[in-house]
1. In the stretch 187-229, which trypsin sites (Lys or Arg not before Pro) fall in coil by DSSP and have 10 or fewer other Cβ atoms within 10 Å?
2. What are the extents of the Cα atoms of the stretch 68-176 along their three principal axes, listed from largest to smallest and rounded to whole Å?
3. Suppose only helical runs count, i.e. DSSP H with n ≥ 4. What mean residue ellipticity at 222 nm does that imply for the chain under -39500 (n - 2.57) per run, divided by all residues and rounded to the nearest 500 deg cm²/dmol?
4. Identify the chymotrypsin sites (Phe, Trp or Tyr not before Pro) of the stretch 50-144 meeting these criteria: DSSP loop state and at most 14 other C-beta atoms within 10 Å of the C-beta.
5. Report the accessible area of ASP196, computed with a 1.4 Å probe over the heavy atoms of all protein chains in place, in Å² rounded to the nearest 10.
6. Using the alpha carbon gyration tensor of the chain, what are the three equivalent-ellipsoid semi-axes (square root of 5 times each eigenvalue), largest first, in whole Å?
7. Quick one: pull the percentage of alpha-carbon pairs in the stretch 166-268 with a separation above 22 Å.
8. Of the options LEU192, VAL182, TRP211, report the single residue whose Cα projects farthest towards the positive end of the charge dipole of the stretch 156-232 (beta-carbon charges: Lys, Arg +1; Asp, Glu -1).
Amino acid sequence: MATAKLVTWNVNSVRIRLDLLKTLVEKYQPDIICLQEVKAKEEDFPFDEIKSLGFENIALYGMPGYNGVAILAKPELKDITKVDWVGKQDARHIKATVFDDIEINNIYIPAGGDIPDPIVNLSFAHKLCFMDDISEFYEQHKSSLVGKKMLLCGDFNVAPSENDVWNHKQLLKIVSHTPIEVERLTRLFNSLDFVDAVRKFYPEPQKIFSWWSYRNPNWQTNNKGRRLDHIWVTPNLNDRILETKILAEFRALERPSDHVPVMTEIKI
């Protein structure tokens with residue numbers, strides 16, 4: 001049985017994290033890596049270094065300084081498309097087809113700032129509108145998308161479940177776990193009846209996290225994390241998802257991202 005490993009990871013600057021990327025490749029041998037927050041425009045992206053790791057096919061939607069998404073692949077990438085939402089060209093979504101039948105969508109949903117009020121915080125309003133825009137598109141095109149094999153992954157910047165945060169009650173008014181954000185992400189999840197490929201292997205009520213704040217030097221001891229990084233698949237791929245792992249050890253390495261890689265293995 002042929003299988004492939006896909007990793008999603010907010011690297012928080014691909015150039016800073018090249019050594020960790022090399023460690024990831026050497027230890028886990030992924031076939032596809034979806035990166036968010038690469039923080040590099042095309043001319044600054046480390047194409048040569050990444051190709052030397054075995055990823056000859058690279059789809060990049062970059063911009064200087066912040067944001068940016070990329071798909072690094074050993075197999076061929078077809079139909080590469082940069083996708084914009086809410087009328088902004090802010091390098092948050094790129095998609096491509098692999099293995100002739102799976103459309104990979106690498107998405108970086110806006111963080112939303114610190115104040116969970118769309119009236120006083122335009123960043124939070126942008127986050128909500130971003131999720132609404134994608135949901136509405138999928139809802140409107142659902143009939144034509146039925147049968148299409150789709151995988152959505154990335155830093156969604158929302159921890160939807162009570163068990164996706166270290167303390168549900170304390171975080172209800174904190175951006176990433178507010179009811180309005182959970183409602184929006186749930187709408188997106190339901191738009192094409194997606195399956196949560198992470199929770200499939202870490203079932204509720206297990207607490208699982210993929211992000212620990214840089215502001216917390218004792219992150220391992222108190223484990224105040226959130227699950228912001230997700231892999232979803234359409235129901236027709238559910239039986240092909242063989243395993244999913246959160247690679248928490250990467251948070252403890254030198255010069256880490258505040259997010260850790262999440263990896264799934266899929267039958268091709």
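The values are calculated or read from the model by the stated rules, or taken from the named source; none is laboratory data. These numbers come from a predicted model, not from an experiment. Cβ sites come from the backbone with ideal geometry, for glycine too, and all protein chains shown count toward neighbours. Accessible surface areas use protein heavy atoms only, side chains included; no ligands, DNA or RNA. Shrake-Rupley method; radii C 1.70, N 1.55, O 1.52, S 1.80 Å.
1. Sites meeting the loop and neighbour criteria: ARG215.
2. 45, 31, 29
3. -6000 deg cm²/dmol
4. When the chymotrypsin sites (Phe, Trp or Tyr not before Pro) of the stretch 50-144 are filtered for loop state and at most 14 Cβ neighbours within 10 Å, TYR66 remain.
5. About 30 Å², rounded to the nearest 10.
6. Largest first, the chain gives 25, 22, 20 Å.
7. Summing the P(r) of the stretch 166-268 above 22 Å gives 37 percent of all pairs.
8. Selected residue: TRP211.
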